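To start, the structure under review is shown below, and the notes come after it.
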Amino acid sequence: MGVILQAAYKLPNGHSVPSPADGNRRTPWWWDHLASQANALRNAGFTAVWLPPALKTNAGAFPGADGYGPFDDYDLGSKNQFFSTPTRFGSREQLQRCVAMMRANGIDVYLDIVLHHRDGGNRFLYRYQGANGQAGTGRFPKDPKCFFPNVPRDPIAGPVSDDFGFGDEFAPINAQPKNYVSDGLIDAVDWQTRSLDTQGYRLDDTKGLAVAFVKRFLDSKAMAGKFAVGEYFDGNPDTLNWWVWNSGMNGRACTFDFSTRFTLQAMCNNGGRWDMSQLDHTGFIGRDAMHAVSFLENHDTDLNSAVVRNKLLGYAYLLTSEGYPCVYYKDYSTDPGCYGLKNSLDNLIWIHEHLANGATQYRWKDFQFVVYERLGPPNLLVGLNNDTANAWKTVTVQTGFGPNVQLHDYSGHSGDLWTDGQGNATIGIPPNVNGTGYVCYSRARLDKPNQVPRQATTQVFEGAPDLDIGPALAGEETIIGRIWCDRGFPVSLQPKPASPHLVFSLTDPAGHAVALQGGKGQIEKRGWHTVRVNSSATAPTPFQLAVTYTSTQSF
C-alpha cells in the first residue's frame, strides 16, 4: 500500500520548519530542501509525501507561519502579502519544482488542505491582490456572511463542544450567498491541484467540517477519485469508523488512526509495564485497515503527548502491520534537531514494501511480547519484545512458511533459522533497548532494491487579472513562469482552449528557443526553462496552459 512521509515538523519553540526568512540565508527554502531529498526518499521506499499547507498565511514567512492559518486561496508564494512574497516554505516556482522532482522519482504528493477557517481578515473581510499587485482585485474575496457566527454554524461532524475555534470559521453550507463559499473552496483547490499536479489530500480538522460539504468537495473537479485522508482527532475507533462510513462519507476518505497512535504511545512510553497482547488488531487499523492511515507522531503530537521512549518499537509495529503507515519527518531525518532514525526506518520501510502483505494472524500473545504473521506472500513473521530488562524472549510458533524453510531476520537483530518438519519456527526476540526489541523473519534471499518509477508532471499555468499570473497582454510577449526540466525527455505546451491570438513558446537555460511542433518538443538541456506567451489580441486575454515535462531526479 506504500509509505507516506509527513514532510514537515515543528521546532521545539512551536515554529514551523527552518527557513531563510529567519535571517540565515544559508538555510535552504523548505521546498528546495525536500526536492534535494526526493531521490533518496524514493530509494528508501517512500511512495508519497504529505506536504505542509502551501497557501500564504497571515504570518507571511515569519516563524509562526506553519500553513494552518491560510489567508489567500490563490497565493502559493507569488504575491507580496503580509510582508513576504514567498511563504515560509518558499515560492510557487520552488513548490512546483519540488512536486515535479518528487514525481520524477515516482513519489505521489499529497496537499494539506485547510477548509475549516481563514486568518488575517479585517472583521471577516478578506481582500487580496490581483496579478498586477493591486489590492482588492484577487479571486475569491470573502465577506462576514461567509463565516460563523455571522451565519449559523454548519452541522459539523461531531459535538459542537469538540469543535475548537481556529481563525475565522467558514460555513460552507450556511454561508450567504448560497454555495459561494463551498464553490469557492472547490474552485480554489481545483486550481491548486492543477497548478502543481498532485495526487491526493490531507484534510485538516475534519471534526469541524460538515460531512456533506467534504464529500461534495472530494467528488468535485480535479479532486474526484484522488486519495484523501482526514484528520478526525479522536481516539475512539468507533468514532473513526462512524466518520469514514456512517457519517455520509461512505468510505470516500481514509482517516488518521489516532486510536492506534495512542495505543502505541502507551506501549513505547511504558517499556516492560504494558500489556503487549493489546496490540492484537488494535484500534481502527484492526477494524478497517484499508481506510486507516497509521502514524506514531505528527506535528501536533510531537509537542503535546509525545512518544518519548522506544520509538523504533512503535515504528516496527506500524511498518509491519496492515494499514497505510505515515512516518514523521522529525523522527526520520538526520537534519539538526531531528531524531535521526533514518537507517533503522529505511530498513523497516523496505520490509513493509517487500514482505508485509495480507491479513494478520497472531501466533503468540503475552504481557511482555507478541508474535504475529502477515499471511500474504512471501509471509512475514514479526516478534515485538517490550521487556527492557535485557531479557531475550524465545518461543516456538506455528507459521505459514511450510516445513524446512530457511528464514532470515531482515531487521538484522537475530540470526537465520529453519522451520521444522511441521512448519514451526523457534525465534528469539532481543530485549527492548531503545526500541530495538523486534525481529522480522521471512524467506531467505529476498533482498532487492526499491524501484524508482519515473513520472512526468503536468502543471497548468492559468493567467487572469484576479490570479497570481496575469492574462496575456495585448501585442506583447509575456513570461508566464519557469519549469525545471531534465534533458532527453519530451515537453508539451497545450493551451485549453487554443486561441488564434496566443502563441506559447519555451526557452532553455541559455535563452535559446526549444523547437516545438504542435506544442511538442524535446528538452536538450537540464535546468530552468522559461514559458512565454505572445499575444496578437487587442485586449488582455485570459489563458490556461497545460505544460507536461519530466524533471530531474536530483539537483
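Being at pLDDT below 95 and of a type outside the set (Gly, Ala, Ser) is true for just one of 478, 458. Which residue is that? Outline the logic, then answer.
On the way: 458 fails: at pLDDT below 95.
None of the others qualify; the one that does is 478.
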I'd like the full set of residues that are more than 18 Å from residue 189 (Cα to Cα), among the aliphatic types (A, V, I, L, M) and crowded, with 23+ Cβ neighbours inside 10 Å, limited to segment 103-130. 104, 107
Could you grab me the full set of residues in segment 378-413 that are closer than 13 Å to residue 363 by Cβ, over 34 Å from the mean Cα position of the chain (by Cα) and aliphatic (A, V, I, L, M)? 395, 397
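So that you can scan it fast, the table gives a plain yes or no per residue for (1) touching a Phe, Trp or Tyr at 6+ places or on another chain (Cβ under 9 Å); (2) closer than 30 Å to residue 77 by Cα; (3) of a type in the set (A, V, I, L, M, F, W, C):
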| position | (1), (2), (3) |
| --- | --- |
| 413 | yes, no, no |
| 421 | no, no, no |
| 435 | yes, no, no |
| 462 | yes, yes, no |
Counting only strands (runs of 3 or more DSSP E) wholly inside segment 307-406, the ones holding at least 1 residues that are modelled with pLDDT of 95 or more and open to solvent by less than 20 Å² (accessible area, probe 1.4 Å) are 324-328, 369-374, 380-385, 393-398
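Taking the stated definitions as given, is residue 258 of a type in the set (Phe, Trp, Tyr), touching a Leu at 6+ places or on another chain (Cβ under 9 Å) and closer than 30 Å to residue 315 by Cβ?
Values: of a type in the set (Phe, Trp, Tyr): yes; touching a Leu at 6+ places or on another chain (Cβ under 9 Å): yes; closer than 30 Å to residue 315 by Cβ: yes.
So residue 258 passes the test.
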Of the listed residues (45, 67), the one being within 17 Å of the chain's Cα centre (by Cα) and at pLDDT below 95 is 67
Could you name every one of the strands (runs of 3 or more DSSP E) located completely within segment 494-555 that has at least 1 residues being touching a helix residue (DSSP H, G or I) at 6+ places or on another chain (Cβ under 9 Å) and not β-branched (Val, Ile, Thr)? 527-535, 543-549
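Starting from residues that are surrounded by fewer than 23 Cβ atoms within 10 Å (Cβ to Cβ) and at pLDDT 95 or above, keep the ones in segment 1-16 and report whichever is farthest from the chain's Cα centre (by Cα). Please lay out each step first, then the result.
Initially, segment 1-16 is screened for residues surrounded by fewer than 23 Cβ atoms within 10 Å (Cβ to Cβ), giving 1-3, 10-15.
Filter again for at pLDDT 95 or above, leaving 2-3.
Details: 2: 12, 3: 10 Å.
The selected residue is 2.
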For residues that are in contact with a helix residue (DSSP H, G or I) (Cβ under 9 Å, 6 or more places away or on another chain) and polar (S, T, N, Q), scanning just segment 323-366, find the one that is farthest from residue 16 (Cα to Cα). 360
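Kindly provide the set of residues from segment 19-43 that are open to solvent by 10 Å² or more (accessible area, probe 1.4 Å) and either outside any loop (DSSP other than H, G, I, E, B) or in contact (Cβ under 8 Å) with a residue 24 or more places away in the chain (or both), ordered by number. Write out each step before concluding.
Kept after step one, since they are open to solvent by 10 Å² or more (accessible area, probe 1.4 Å), are these residues of segment 19-43: 20-29, 32-33, 36-37, 39-40, 42-43.
Across segment 19-43, the qualifying residues are 20, 21, 22, 29, 32, 33, 36, 39, 40, 42, 43.
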Scan segment 229-265 for residues that are surrounded by fewer than 21 Cβ atoms within 10 Å (Cβ to Cβ), without any contact (Cβ under 8 Å) to a residue 60 or more places away in the chain, among the small types (Gly, Ala, Ser) and closer than 30 Å to residue 304 by Cα and report the count. 2
Residues of segment 478-525 that turn out to be without any contact (Cβ under 8 Å) to a residue 60 or more places away in the chain, closer than 23 Å to residue 35 by Cα and within 29 Å of the chain's Cα centre (by Cα), as a count: 3
How many residues, within segment 413-447, are surrounded by 15 or more Cβ atoms within 10 Å (Cβ to Cβ) and charged (D, E, K, R)? 1
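Out of all the residues in segment 165-181, is one or more in a helix (DSSP H, G or I) and surrounded by fewer than 22 Cβ atoms within 10 Å (Cβ to Cβ)?
If we filter segment 165-181 for residues that are in a helix (DSSP H, G or I), which is where we start, we get 180-181.
Next, from what is left, pick out any that are surrounded by fewer than 22 Cβ atoms within 10 Å (Cβ to Cβ): 180.
Among the residues of segment 165-181, at least one is in a helix (DSSP H, G or I) and surrounded by fewer than 22 Cβ atoms within 10 Å (Cβ to Cβ), which makes the answer yes.
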Checking residue 133 against (1) under 23 Å from residue 543 (Cα atoms); (2) open to solvent by 10 Å² or more (accessible area, probe 1.4 Å); (3) in contact with a helix residue (DSSP H, G or I) (Cβ under 9 Å, 6 or more places away or on another chain); (4) not aromatic (Phe, Trp, Tyr): exactly one of these is not met. Which one? (3)
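Residue by residue through segment 44-89, note down the ones that are in a strand (DSSP E or B) and touching a Phe, Trp or Tyr at 6+ places or on another chain (Cβ under 8 Å).
48, 49, 50, 57, 60, 81, 84
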What number of residues within segment 284-306 are hydroxyl-bearing (Ser, Thr, Tyr) and either open to solvent by 10 Å² or more (accessible area, probe 1.4 Å) or out of contact with any strand residue (DSSP E or B) (no Cβ under 6 Å at 6 or more places or on another chain) (or both)? 2
Report yes if some residue within segment 185-203 is in contact with a strand residue (DSSP E or B) (Cβ under 7 Å, 6 or more places away or on another chain), at pLDDT below 95 and either part of a loop (DSSP other than H, G, I, E, B) or aromatic (Phe, Trp, Tyr) (or both); otherwise report no. no
Would you point out the residue of segment 182-215, among those that are among the basic types (Lys, Arg) and closer than 26 Å to residue 457 by Cα, that is surrounded by the fewest Cβ atoms within 10 Å (Cβ to Cβ)? 194
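Evaluate segment 103-120: report whether one residue or more is part of a loop (DSSP other than H, G, I, E, B) and among the charged types (D, E, K, R).
Of the residues in segment 103-120, the ones part of a loop (DSSP other than H, G, I, E, B) are 105-107, 114-116, 119-120.
Keeping just the survivors that are among the charged types (D, E, K, R) gives 119.
Yes: segment 103-120 contains one or more residues that are part of a loop (DSSP other than H, G, I, E, B) and among the charged types (D, E, K, R).
The values are calculated or read from the model by the stated rules, or taken from the named source; none is laboratory data. Because the structure is a prediction, the values reported are computed rather than measured. In this analysis, Cβ positions are derived from the backbone assuming ideal geometry, glycine residues included, and neighbour counts consider all displayed protein chains. Protein only, heavy atoms only, side chains kept; ligands, DNA and RNA dropped before computing areas. Shrake-Rupley method; radii C 1.70, N 1.55, O 1.52, S 1.80 Å.
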